[in-house]
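No lab work stands behind these numbers, since they all come straight from the coordinates. If you're wondering where the values come from, they're calculated on a predicted model, not measured in any experiment. Using ideal geometry, Cβ is built from the backbone for each residue, glycine included, and neighbour counts are taken over all protein chains shown.
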Amino acid sequence: MNKVKENELKMWPSIVHARCPRCRVGKIYENPMYSLTGQKMLKKCPHCGMIYEREPGYFYAAMYVSYAFIVAELVSLSVGTSVLTGSTNPWLYTAVLLSVVAVLSPFNLRYSRVLLLHWFTPGLHYRPELSKHLPHQQ
Ligand SMILES: [Zn+2]
């Protein structure tokens, strides 16, 4: 009954690989997450042409998603550090939290926007018919 149709692309791989929420084929970012030149987001989907920034300032809303990410990371790291070391030295926690959060910041930036597009945008849904080869492409 809940069989995935033959031409439909699955949601999770498209989120992990940062693909367009509408067609799940086109890339959202033009370069890798840990690139020396920073992350460059494409203006529109190279496959279906959807414009990613739905309105001016649209990606400010990704800060809320990013906030949830960083709270989850800080709580997990604090508990993990406490369980593993048993230390009460605040400098240990400061060093661990700041260094790991700095390393994870490109991840937070990328996936807060990807999740905003995939899950938290009203009226934006996957359209399986757009996953197919489009007629204007060769
Ligand atoms: Zn697309």
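Observations on the model:
- The sole residue among Leu77, Leu115 that is touching a helix residue (DSSP H, G or I) at 6+ places or on another chain (Cβ under 7 Å), of a type in the set (A, V, I, L, M, F, W, C), away from the ligand (no atom under 16 Å from the Cβ) and in contact (Cβ under 8 Å) with a residue 60 or more places away in the chain is Leu115.
- When segment 35-62 is filtered for residues that are more than 18 Å from Ala18 (Cα to Cα) and either in contact (Cβ under 8 Å) with a residue 12 or more places away in the chain or acidic (Asp, Glu) (or both), only Glu55 remains.
- Single condition Met33 does not satisfy, out of (1) within 12 Å of the chain's Cα centre (by Cα); (2) within 11 Å of the ligand (Cβ to nearest atom); (3) part of a loop (DSSP other than H, G, I, E, B): (2)
- The lone exception for Val65 - which of (1) of a type in the set (Val, Ile, Thr); (2) within 14 Å of the ligand (Cβ to nearest atom); (3) without any contact (Cβ under 8 Å) to a residue 60 or more places away in the chain it fails: (2)
- Segment 40-62 - residue that is out of contact with any Cys (no Cβ under 9 Å at 6 or more places or on another chain) and closer than 15 Å to Leu115 by Cβ and, of those, farthest from the ligand (Cβ to nearest atom): Tyr60
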